[in-house]
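Where a number appears in this text, it was derived from the coordinates with a stated rule and is not lab data. Since the model is a prediction, treat every value here as computed from it, not as a measurement. Here the Cβ positions follow ideal geometry from the backbone for every residue, glycine too, while neighbour counts run over all protein chains shown.
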Amino acid sequence: MARTKKPAKLSALAKAAPAMAHYFEQGCVVAVDPSIGSQSSQPAISVMINGYLVNVERLNINPNKPYYFRLRDLHSQLQEIVQNPDLLIIENIPPFMMSAGSSFRTGGVVHLHQSVGAILSCWDVKDVLEVSPSSWHAWVKRNVGEDKYKKSDEHDSICLLMTAMEAAKAGKPEIIDTIIEELKV
């Protein structure tokens, strides 16, 4: 007797994104790569309006300030960049993340979760999409190529946006192709 293959289970992103495709065509979509600012990483934002990527910016959070002041600065800097987005795309940070050497970096993950909270409190958005790190890394692998991806905070925010846009089955092919080329080394 032949075994039938179960259909693949849809991710939460794949289930939710198609209902939000209209924001990518006619609206303001914001994707934020979270961070509270450190010597090696800063938060970054990508803004898409009516299907066009109009702003990509790395924020400048002073890593020498206490974390609660950095969270406040993150909040205020994001609000200065964009006022009323329709859709917010944020990275869905797992409760634990493995780092080099297979140890848990609990403190870093807690600060990432706090930065996500600060980002979510910035605007009264109509909708929020969460993109897991594994989802946007898979998007990079499929569309850019791991060996060609030019890693930066700004590019990470673009990849969050592009992963959600692909899941929504939205976007103009010529714009998508141009953005993909800009992500390459």
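Full-extension gain between ASN55 and GLN39, please, as 0.36 nm times their residue separation minus the C-alpha to C-alpha distance. Walk me through the numbers before you get to the answer.
Values: separation 16, 0.36 × 16 = 5.76 nm, distance 2.33 nm.
Gain on stretching ASN55 to GLN39: 3.4 nm.
LYS150 to LYS15: extension gain in nm, 0.36 nm per residue of separation minus the Cα-Cα distance?
Values: separation 135, 0.36 × 135 = 48.60 nm, distance 2.94 nm.
Extra length available between LYS150 and LYS15 comes to 45.7 nm.
Measure up LYS126/LYS148; LYS15/LYS172; LYS65/LYS148; LYS126/LYS184; LYS65/LYS141 against 28 Å on the Cα-Cα distance and list the ones that go over. Could you put the intermediate results ahead of the total?
Numbers: LYS126/LYS148 35 Å; LYS15/LYS172 21 Å; LYS65/LYS148 35 Å; LYS126/LYS184 32 Å; LYS65/LYS141 36 Å.
Violating the 28 Å Cα-Cα cut-off are LYS126/LYS148; LYS65/LYS148; LYS126/LYS184; LYS65/LYS141.
Among (1) 17.1; (2) 17.8; (3) 24.8, find the value of Kirkwood radius over Cα pairs in Å that was calculated from the structure presented, and write down its label.
Correct label, based on the coordinates given: (1).
Give me the net charge for the shell around GLY37: Cβ to Cβ below 15 angstrom, other residues only, Lys and Arg +1, Asp and Glu -1.
Numbers: positive: ARG58, LYS65, ARG70, ARG72; negative: ASP33, GLU57, ASP73, ASP153, GLU154, ASP156.
After counting each charged neighbour, the total is -2.
For labels at VAL110 and ARG72 in the simple 7 Å Cα→Cβ model, what's the distance in nm?
Between VAL110 and ARG72, the simple spin-label model gives 2.0 nm.
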